[in-house]
Amino acid sequence: MTSDKNKKSEKGSESKKMTGEQQRPEWANGLRQLYDSVVEEPLPDSFKDLLAKLDKKS
Amino acid sequence: MADEVRTASEKADFKRELTDVVPHLRAFARGLCGRPDMADDLVQETMLKAWAAQDRFEPGTSMRAWTFVILRNAYLTDMRRNRFRGEYDENVAERILTAPAGQEEPIHLSDMHRALLTLPPERREALLLVGAGGFSYEEAASICGCAVGTIKSRVGRARSALNSMMEDGDIPQRSVNDATAHRAILQELDMVAAGNGIASKD
């Protein structure tokens, strides 16, 4: 019980420190996740084919 | 002016940098237009245009920023031709994003994507560039061909709109398919596209 209380107050002061720089809502890293999830997808063959064809153009 | 002929090694560098940036183009396009198939078409169109315009790329500058300008312009053109309707991609993983204390339903990544697609396009792209792509306000402003202050205010409005949608759990289902909303989006697009040529040099 007591240790729980201590944890809470620690967290409280931590988040206070954070607010100056990073007052971000919880969903904010979701944007990054959305973006990164596509970046990390393996590249479909159609893109590899297109890249291979580019050299022949011009 | 930039008619200097590129050497074979410069061409190879360009090709390598373009290749490296393709996953980012796909991510930006997916965020802009929602549907993966259309997003990928857009990226391929962008790659061809970038390849054709490679003499205008200044070696040493950001390939990602340069190609994003091309992609963005292609997107705006296609949007105005009514090819995209910001349709929601049903295949976004149902990944849990956050589970706010006061809410029964956790927020999923798919909710996030749907909410993002309800934003007016110029706010959506600003938020994507800064909040997802990690561009600075200055870089985003140069990509969109507008003032830094404009980008800041678009990002701010986009954030607060998402904030209230996420906090209330009130994420519109498919308002982008609604005819009135769609017309409003197209009108905003006209404003966004006005005076925004491919040049980001000003």
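For this structure, a couple of remarks:
- Rounded to the nearest whole Hz, the Karplus-based 3J(HN,Hα) values (6.51 cos²θ - 1.76 cosθ + 1.60, θ = phi - 60°) of the range B:70-79 follow the sequence 5, 4, 4, 5, 5, 4, 4, 4, 5, 4, with x at glycine and proline.
- Cβ-Cβ FRET estimate between B:Asp55 and A:Asp49, R0 fixed at 35 Å, reported to 0.05: 0.90
- Contour minus Cα-Cα distance for B:Asp78 and B:Ser9 (0.36 nm per residue): 21.5 nm
- Remark on B:His108: its backbone amide H falls under 5 Å from those of B:Leu97, a criterion applied only to residues 5 or more positions apart or on other chains, H modelled at 1.01 Å from N.
- Peptides B:155-163, B:18-26 ranked from most to least packed, by the mean per-residue count of other Cβ atoms within 10 Å: B:18-26, B:155-163.
The numbers here are math on the coordinates, done by the rules we state, and not lab data. Remember, predicted model here, so these are calculated numbers, not experimental data. As a convention, Cβ positions derive from the backbone with ideal geometry for all residues, glycine included, and neighbour counts pool all protein chains shown.
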